[in-house]
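Just so you know, all these numbers are worked out from the coordinates, no wet-lab data involved. A quick note: this is a predicted structure, and the numbers were derived from the prediction, not measured. No Cβ is skipped: glycine too gets one built from the backbone with ideal geometry, and neighbour counts run over all protein chains shown.
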Amino acid sequence: MTRRGLLIGTGAAASTLLLPGGRLLAQPAAHRIDVHHHITPPAFLAAMEEMGTANPPMAGWSVQQSLEDMDQGGVATSIVSPSTPQLKNLSAEQGATVSRESNEYAVRLRTDHPGRFGAFAMLPLPHIDACLREIEYAFDTLKMDGVGCLTSYGDKWLGYAEFEPVWAELDRRGATVYTHPTNANCCVNVVRDLNDAFIEYGTDTARTIFTLIFSGFGEKYPNINWIFSHGGGSVPSFYERFVEQSIERPPYAGQFTREQIETQLRRFYYDTAAVSNAVTLAGTREMAGIGQIVYGTDYPYRSSIETNEGLATVFTGEDLQAVERGNALRLFPGFG
């Protein structure tokens, strides 16, 4: 650990949390790196409120609340991004404006709180030309830590040919691309009274991973470091369909081998947000290996404390250290 990391950890270890009844609870040393931590920039919130898609955690977010949750859960650094639906329902012009203002806000947050925040750039997808302009600004001017995007945009998933210019540019830059699930046009309110986040989000993650592999983009653009939320969604459950059944019949028979598919699944990263339990993480670990699992909380929809409690029942020792910090440091060495 660097001197900066040691000072951050020492400060957190020495602090306490006042609980109801006046009890004091020592806070854990801050060492974790959270790759799935949501913020609500003002321009983004205004757009969501205008579209009627703002929800209470999104609308009630504040910088101070983020820092408090991080301190309580021993999170040294959170790499932040707005949550779904991001900008997929906006025009190219509107999306470009909101993404620019939101990205500048995230970078100010990083500057105002050194070492505590990183920032994924939000892009005005699905508008390709506007995206390419924002990528240039986000990396060359703002020096952002990567890109945050959704798993789908309307009726298009990330492996579709329409998005290839974006991946080509991000591959050239060796970028990290964090993805967050959403609901596609096909699958809104499929089951009566069932929140889309319960099933559709995990399924949409599986859809987009499938398209990235079977479009050939995973192999074609090996310099992109992909992070998929929630342990890869339903992919571990669909594993056999990915590596066996898909290549036994058209259109993929004879085009891919099991080894090719498994290589891509093993090189992707998967976060722990809302899946810090033995059932899900056992499948993710078996599919990808401990080195590809990174810490994520889904704040403000979930907390770092409940994430920590869940992970401690699944991982111990060096494995836990890798998940909470070490694996992310390979992607973001500047936070070491």
Cα→Cβ-extended label distance, 7 Å offset, between E162 and T316, nm: 5.0
Alpha-carbon Rg/Rh ratio, for the stretch 80-194, with Rh computed the Kirkwood way: 0.99
Dipole of the stretch 272-335, positive end: most advanced residue of S304, F332, L281 [Cβ charges, Cα centre]: F332
Estimated inter-spin distance, A197 and E240, nm [label 7 Å along Cα→Cβ]: 3.2
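Please list the three semi-axes, largest first and in whole Å, of the ellipsoid equivalent to the stretch 67-127, using sqrt of 5 times the eigenvalues of its alpha carbon gyration tensor.
Whole-Å semi-axes of the equivalent ellipsoid: 26, 12, 7.
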Rounded tilt (10° steps) of 92-112 against the dominant C-alpha axis of the chain: 30
Loop-resident sites, the stretch 214-249, for GluC sites (Glu not before Pro), counting at most 15 other Cβ within 10 Å (DSSP): E244, E248
From phi via Karplus (6.51, -1.76, 1.60), per-residue ³J(HN,Hα) for the stretch 135-146 in Hz, x at Gly/Pro: 4, 4, 5, 5, 8, 7, 9, 7, 6, 6, 8, x
28 Å Cα-Cα reach of K156 towards lysines, excluding residues that sit fewer than 8 places from it in its own chain: K88, K220
Per-q log10 I(q)/I(0), the stretch 172-330, q = 0.12, 0.14 Å⁻¹ (Debye; single scatterer per alpha-carbon; no solvent): -0.54, -0.73
Normalised contact order of the chain, rounded percent, pairs of Cα under 8 Å and 6 or more residues apart: 17
Residue of P300, P124, P251 that the Gaussian network model of the chain assigns the largest fluctuation, springs spanning Cα pairs under 10 Å: P251
Degrees separating the helix 258-267 axis from the principal Cα axis of the chain, which is the longest one: 20
Fraction of the pair-distance distribution of the stretch 176-254 above 19 Å, Cα-Cα pairs, percent: 44
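Averaging over every viewing direction, what projected area does the convex hull of the Cα atoms of the stretch 230-324 cover, in nm²?
It is 6.3 nm².
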Among G218, G326, G254, residue whose mean-square fluctuation peaks in a GNM of the chain (springs only between Cα atoms under 10 Å): G254
Residues E101 and E68, FRET efficiency given R0 of 25 Å [Cβ-Cβ distance, rounded to 0.05]: 0.50
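Starting from the exponent 0.38 and prefactor 2.2 Å, build the expected Rg for the stretch 133-204 from its residue count and divide its actual Cα Rg by it.
1.33
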Placed amide H near T176: partners under 5 Å, 5+ positions off or other chain: V147, N225
Spin-label model distance (nm) - L329 vs R266, 7 Å beyond Cα toward Cβ: 2.4
Phi-based couplings in Hz for the stretch 50-61 (Karplus 6.51, -1.76, 1.60; Gly and Pro marked x): 5, 7, x, 10, 6, 10, x, x, 5, 6, x, 5
Choice from P114, P181, P41 with maximal GNM fluctuation in the chain (Cα, 10 Å cutoff): P114
Alpha-carbon Debye profile of the stretch 23-130, log10 I(q)/I(0) at 0.19 Å⁻¹: -0.94
Descending semi-axes in Å of the stretch 297-336, equivalent ellipsoid built from Cα gyration tensor: 19, 15, 6
Label selected from (1) 64, 45, 44; (2) 73, 53, 37; (3) 89, 50, 36, the criterion being Cα extents along the principal axes in Å as computed here: (1)
